[in-house]
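The values are calculated or read from the model by the stated rules, or taken from the named source; none is laboratory data. Only a predicted model underlies this, so the values are computations on that prediction, with no experimental measurement involved. Cβ placement follows ideal geometry from the backbone for every residue including glycine, while neighbour counts extend to all protein chains displayed. For accessibility, only protein heavy atoms count, side chains too; no ligands or nucleic acids. Shrake-Rupley method; radii C 1.70, N 1.55, O 1.52, S 1.80 Å.
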Amino acid sequence: GAGAADAATAATAESAPKASALTGGAKRAETYIKGGKVVVMLKATGSAPQLKQQKFKLSIKANFQNVIDFLRKQLKYSPNDSLFLFVNCTFQPSPDESIEHLFKCFHNNGTLVVNYCTTQAWG
């Protein structure tokens, strides 16, 4: 019911201080898609190693597995090394989720923020 929606809105507002900026005059996701690509920012959380470069352009035709594979390669992590990726610090997308869909739903001022950590931090 409405109570659950209100609770979800309140939780989102608490965890994301920029929530008001998103709702006030936010541009449509399409305005940020340039040449079929979007900006993805990979942010380390907890003890996860930081990347020297955090922002990358990725094709909207890619899926989330491409982000996982790319990050593992950048960190020199094997498939056995623990690595968790979250969108908006809240959920782990399915590996076959399209970047275009994730970007349209969750971009923040033209950037899809993907947090990563080596231990389960959210979810």
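Name the residues in segment 106-123 that are in contact (Cβ under 8 Å) with a residue 24 or more places away in the chain, within 29 Å of residue 31 (Cα to Cα) and open to solvent by 50 Å² or more (accessible area, probe 1.4 Å), would you?
109
Would you mention how many residues in segment 84-106 are modelled with pLDDT of 95 or more, in a loop (DSSP other than H, G, I, E, B) and not acidic (Asp, Glu)?
Total meeting the criteria: 3.
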